[in-house]
Amino acid sequence: MLALERAGLAGRVRPALMPMPGRMVHDAAGKTAFLRYGQQDHEVIYALSREKLNRILVDAAAECPGIELRFSTRCLDVDVAAGSVALRNEHDGRDYHESFEVLLGADGAGSAVRAALVARDLVGAQELPLDHDYKELIIPAVPPAGGASAGQYAFEPRALHIWPRGGYMLIALPNTDGSFTATLFLSRDGDPGFGRCEAMRP
Ligand SMILES: Cc1cc2nc3c(=O)[nH]c(=O)nc-3n(C[C@H](O)[C@H](O)[C@H](O)COP(=O)(O)OP(=O)(O)OC[C@H]3O[C@@H](n4cnc5c(N)ncnc54)[C@H](O)[C@@H]3O)c2cc1C
């Protein structure tokens, strides 16, 4: 939130925030326990749709005169000594180079920029993949009764819901439209595991 405020974007993000004062733990017998995150009413965490946040950030970037956005453009390699980055247009498969003075690599956990630096011995890096993977699921709003237009939340919306089950777990966060976005964290090769179910492989 502090970073968004400093970027002047908190006002755009605020309407999309869902406050969660605590976590709701669901045990295997179906019993629930609500655990508050803080002691004061303002001590909450927020759920925010990743898609909405991404759109707000991309729109804000597009409004800056010095920024040109290029989608579907993959970084293939970086030659730091030559100040050149190799790119691929994923629409037409065309490869090309751009020169740079400063390059900010923000390409995530499997960063191609980092891989290029490692390949040239400019940095060292250790990558340790987790045994677990995840799959995003939607718990839809309960259809409205008696012709009302908006659906109801399937359970308490002011909480981060957790179904802890030892080696795996499900979590669910509320969206503004009555649905929840759930994430199933499950072993890749264990039992239960994603590897045992074709349809669920992430
Ligand atoms: C299931 C899950 C739940 C999470 N929940 C939370 C949470 O509740 N709160 C929280 O704060 N964090 C959460 N995180 C962590 C958070 O998502 C990451 O820390 C964050 O997204 C990392 O940001 P990033 O910009 O470094 O990379 P990313 O968000 O991964 O962005 C990297 C971008 O680079 C692009 N890219 C990748 N390779 C290339 C390439 N070769 N060329 C060009 N572009 C490329 C990708 O398409 C992507 O757009 C969660 C992560 C996961 C997996």
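The values are calculated or read from the model by the stated rules, or taken from the named source; none is laboratory data. These figures come from a predicted structure and were not determined experimentally. All Cβ positions, even for glycine, are placed from backbone atoms using ideal geometry, and neighbour counts span all protein chains on display. Please note that ligands, DNA and RNA were not included when accessible areas were found on the heavy atoms of the full protein model with its side chains. Shrake-Rupley method; radii C 1.70, N 1.55, O 1.52, S 1.80 Å.
Cβ-Cβ below 7 Å, separation at least six or inter-chain, first residue in segment 86-113 and touching a residue at least 12 places away in the same chain (Cβ under 8 Å) and open to solvent by 60 Å² or more (accessible area, probe 1.4 Å), second among the small types (Gly, Ala, Ser) and more than 8 Å from the ligand (Cβ to nearest atom): which pairs?
GLU90/SER72; HIS91/SER72; ASP95/ALA86; HIS97/SER84; HIS97/ALA86; SER99/GLY83; SER99/SER84; GLU101/GLY83
Which of the residues belonging to segment 160-181 are open to solvent by less than 60 Å² (accessible area, probe 1.4 Å) and within 14 Å of the ligand (Cβ to nearest atom)?
Selection gives LEU160, HIS161, ILE162, LEU170, ILE171, ALA172, LEU173, PRO174, ASN175, PHE180, THR181.
On the basis of being open to solvent by less than 90 Å² (accessible area, probe 1.4 Å), in the same structural domain as SER179 (by TED's automatic domain parsing) and within 12 Å of the ligand (Cβ to nearest atom), does LEU48 make the cut?
The answer is yes for LEU48.
Can you report the number of residues in segment 53-100 which are outside any strand (DSSP E or B), more than 30 Å from ALA3 (Cβ to Cβ) and within 15 Å of the ligand (Cβ to nearest atom)? Step through it out loud before you land on a result.
Step one: list which residues in segment 53-100 are outside any strand (DSSP E or B), which gives 53-72, 80-83, 90-94, 100.
Cutting the leftovers down to more than 30 Å from ALA3 (Cβ to Cβ) gives us 81-82, 91-94.
Now drop any that are not within 15 Å of the ligand (Cβ to nearest atom), which leaves 91, 93-94.
So the count comes out to 3.
Among the candidates GLU156, GLU136, which residue alone is closer than 30 Å to ASP41 by Cβ, in the same structural domain as ARG188 (by TED's automatic domain parsing) and either under 27 Å from the mean Cα position of the chain (by Cα) or exposed (fewer than 12 other Cβ atoms within 10 Å of the Cβ) (or both)?
GLU156
Going through segment 119-135 one residue at a time, which ones are more than 18 Å from ASP77 (Cα to Cα) and aliphatic (A, V, I, L, M)?
Residues of segment 119-135 that are more than 18 Å from ASP77 (Cα to Cα), as a first pass: 126-135.
Matches in segment 119-135: LEU128, LEU130.
Checking PRO144 against (1) surrounded by 13 or more Cβ atoms within 10 Å (Cβ to Cβ); (2) in a loop (DSSP other than H, G, I, E, B), which single condition isn't satisfied?
Checking PRO144 against (1) surrounded by 13 or more Cβ atoms within 10 Å (Cβ to Cβ); (2) in a loop (DSSP other than H, G, I, E, B), the one that fails is (1).
What residue, among those in segment 114-131 that are modelled with pLDDT of 95 or more and within 12 Å of the ligand (Cβ to nearest atom), is least open to solvent (accessible area, probe 1.4 Å)?
The extreme case among them is ALA116.
Pick out the one residue from LEU104, LEU9 that is outside the structural domain of ASN175 (by TED's automatic domain parsing) and within 23 Å of the chain's Cα centre (by Cα).
Only one candidate passes the filter, namely LEU104.
Among the residues of segment 35-42, is any part of a strand (DSSP E or B), surrounded by fewer than 14 Cβ atoms within 10 Å (Cβ to Cβ) and away from the ligand (no atom under 15 Å from the Cβ)? Lay out the reasoning, then the answer.
First pass over segment 35-42, keeping only residues part of a strand (DSSP E or B): 35-36.
From what's left, surrounded by fewer than 14 Cβ atoms within 10 Å (Cβ to Cβ): 35-36.
Going one step further and asking which of them are away from the ligand (no atom under 15 Å from the Cβ), we end up with 35-36.
Within segment 35-42 (the criterion being part of a strand (DSSP E or B), surrounded by fewer than 14 Cβ atoms within 10 Å (Cβ to Cβ) and away from the ligand (no atom under 15 Å from the Cβ)), the answer is yes, since at least one residue qualifies.
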